[in-house]
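Please read the structure below before turning to the comments.
The values are calculated or read from the model by the stated rules, or taken from the named source; none is laboratory data. In this text, all values refer to a predicted model and were calculated from it rather than measured experimentally. Here Cβ is always computed from backbone atoms with ideal geometry, including for glycine, and neighbour counts include all displayed protein chains.
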Amino acid sequence: MSDYITQDLGLKHAMMGTDSPHILTGYNLENQDVGNWSLGKEDYLTPAGNITSNAEDLLQFAKMNMEESLSHLSLCHVRYDMKSKHSDMGLGWWIDYKNPNIFYHGGNTDGFASMLAFDKKKKAAVAILANVRYYKEREKLFADILENL
């Protein structure tokens, strides 16, 4: 997975695990330091939520998906009916019902919240990275930005 992220995708700042000294600490709603997950790159949970990155790499990944610059990325954009109120699912992406050109995915751990979205038609993307656990604010901010993409 690490080789795919860094070599195949060319994302220089993304990595598996939290071994970097550049990773910020996370905070809870009481503004208390909760650190970050201390999973190593070989931990079995790592692919589920232990990928660290920055906005530059996330936006580069969104661009790759918008342009489908790697042919296999188009497979991730096939819609599967999830019987959800708001979205269907692609391979790793939620697909908005109101605007099927919008793909998004978020992540949350103790002390951190993130979201990446792109609009394939408008060729626009947004990345939200926060080192505080406040899911509702992230969702509201994301919804506001998504409406104006």
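Annotations for the structure displayed:
- In the set Gly111, Gly107, Gly92, only one residue is loosely packed, with under 13 Cβ neighbours inside 10 Å, under 23 Å from Arg133 (Cβ atoms) and not aliphatic (A, V, I, L, M); that residue is Gly92.
- Ala62 being out of contact with any Gly (no Cβ under 7 Å at 6 or more places or on another chain) and within 19 Å of Phe142 (Cα to Cα): yes
- Note on the stretch 13-97: enclosed strands (runs of 3 or more DSSP E) holding 1 or more residues that are touching a residue at least 24 places away in the same chain (Cβ under 8 Å) are 33-35, 94-96.
- Being of a type in the set (Asp, Glu), modelled with pLDDT of 75 or more and closer than 23 Å to Pro21 by Cα is a property that does not hold for Asp43.
- Scanning the stretch 95-104 for residues that are within 13 Å of the chain's Cα centre (by Cα) and loosely packed, with under 15 Cβ neighbours inside 10 Å yields a total of 0.
- Filter result for Ile5 (surrounded by 13 or more Cβ atoms within 10 Å (Cβ to Cβ), part of a loop (DSSP other than H, G, I, E, B) and at pLDDT below 90): no
- Residues that are among the aliphatic types (A, V, I, L, M), part of a loop (DSSP other than H, G, I, E, B), touching a residue at least 12 places away in the same chain (Cβ under 8 Å) and surrounded by 13 or more Cβ atoms within 10 Å (Cβ to Cβ) occur at least once in the stretch 131-149.
- Consider the stretch 49-87 and keep the residues that are under 16 Å from Leu116 (Cα atoms) and at pLDDT below 90. The one that is surrounded by the fewest Cβ atoms within 10 Å (Cβ to Cβ) is Gly49.
- Scanning the stretch 19-29 for residues that are closer than 19 Å to Val132 by Cβ and surrounded by fewer than 18 Cβ atoms within 10 Å (Cβ to Cβ) yields His22, Ile23, Leu24, Thr25, Asn28, Leu29.
- Filter result for Ser38 (under 26 Å from Gln7 (Cβ atoms), modelled with pLDDT under 85 and of a type in the set (S, T, N, Q)): yes
- Filter pass, Lys120 being surrounded by 16 or more Cβ atoms within 10 Å (Cβ to Cβ) and basic (Lys, Arg): yes
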